[in-house]
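Have a look at the structure below, then the notes.
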2 protein chains.
Amino acid sequence: MIRTVAALKENSVKDNNDMPGHLARRFQQIAVAVFLAEVGDAGFDLTPVQYAALATIKANPGLDQVTLAGLIAYDRTTITGVIDRLVQKGLIERRASPRDRRARELEITDEGRRTLRKITPAVESAQRIMLRGLSAKEGEELMRLLRKAIAAGNELSRAPLRE
Amino acid sequence: MIRTVAALKENSVKDNNDMPGHLARRFQQIAVAVFLAEVGDAGFDLTPVQYAALATIKANPGLDQVTLAGLIAYDRTTITGVIDRLVQKGLIERRASPRDRRARELEITDEGRRTLRKITPAVESAQRIMLRGLSAKEGEELMRLLRKAIAAGNELSRAPLRE
DNA sequence: CAATATTGCTCAGTATACTGACTATCAGTA
DNA sequence: TACTGATAGTCAGTATACTGAGCAATATTG
């Protein structure tokens, strides 16, 4: 099918399916739904955002909130609530940093470690399901293109990735 | 770099960059930021979601909320607020349907039409910017793969696309 | 070392998204 | 026609995201 601006009806808007922004929203919507379904079926109550935060805290013990936000590209005002909920679920601990009294150090708890371990199969299953329409090669290509587009646009959002 | 499960450190989680769900979130985040920046610079205050709704209402005069939601894959509980805001901005009108007293008919106003026309360059510019890291061919391929993955996962979210 | 700038975090407000429940209405059928 | 089920829309509650503002503490600099 021809999909160029010239081919569109006069006065008409580009079809949603030609808008990368719309496709991004739609794919993300499905990705979240699949994640929640798989994780929920496995008996856990954790969102994709909470999972990424938890996994990153485990991999970087004692990191502060801003660093965590940078590692997963969350806004610093968003991370506050995410951490609140992880603390409330007993999966992490938040305590004042001894070196910088502005900062809070984050640490995973044993319960958090246990949850992370048991939840992993469901998370991996979810990643497979959200790509189920694609061949393995296509899935890899999709991820490659997303990574490339994201790298080029990193600084355009308020919450860029910081290594 | 080798990116297989077997190659990961024991006990470690997959890298975020290997998670299609994470990449989806990140790309969408950038897409929204770029859209708001371009549209804002052009002097308009419209979100991606509001834009898609407005464009779809224009293309389908008199449609009801559920049909609109289906055409752009929004949840029916989300569309209520989106429409509220479009009405409040004077871009659309919502009135009771004469045929079905449960339903509301949606119609674009002249102001909405004018806005849509003037905003289009900014919207198209935004779509280009969010793909600026990719060649034209890669951009097309990314959209193709997203469309394919979305088609296969359409029924997995609460708000599937309905033609 | 005092003034200034920057940083870490939080908060209030707004806008998607979704869950689950509810009302009003409509459609199909016994 | 009375009953049943489905549908259109809304609402309350929760969880991302972001804007913009603000406080406290640290870093920088004249």
Conditions: (1) within 13 Å of chain A (Cβ to nearest Cβ); (2) at pLDDT 95 or above. B:Arg3 meets all but one. Number of the miss?
-> (2)
Which condition does B:Thr80 not pass, out of (1) within 17 Å of the chain's Cα centre (by Cα); (2) more than 9 Å from DNA strand C (Cβ to nearest atom), if it passes all the others?
-> (2)
Flag if A:Arg76 is modelled with pLDDT under 95 and among the charged types (D, E, K, R) = no
In region B:13-47, which residues are touching a Phe, Trp or Tyr at 6+ places or on another chain (Cβ under 8 Å), more than 7 Å from chain A (Cβ to nearest Cβ) and open to solvent by 10 Å² or more (accessible area, probe 1.4 Å)?
-> B:Thr47
Tally of residues being within 8 Å of DNA strand D (Cβ to nearest atom), open to solvent by 40 Å² or more (accessible area, probe 1.4 Å) and part of a loop (DSSP other than H, G, I, E, B) across region B:74-126 | 2
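The values are calculated or read from the model by the stated rules, or taken from the named source; none is laboratory data. In this text the structure is predicted, and so the values were computed from the model without any measurement. Ideal geometry is used to build each Cβ from the backbone, glycine not excepted, and the neighbour counts take in all protein chains shown. With ligands, DNA and RNA removed, areas are computed over all heavy atoms of the protein, side chains included. Shrake-Rupley method; radii C 1.70, N 1.55, O 1.52, S 1.80 Å.
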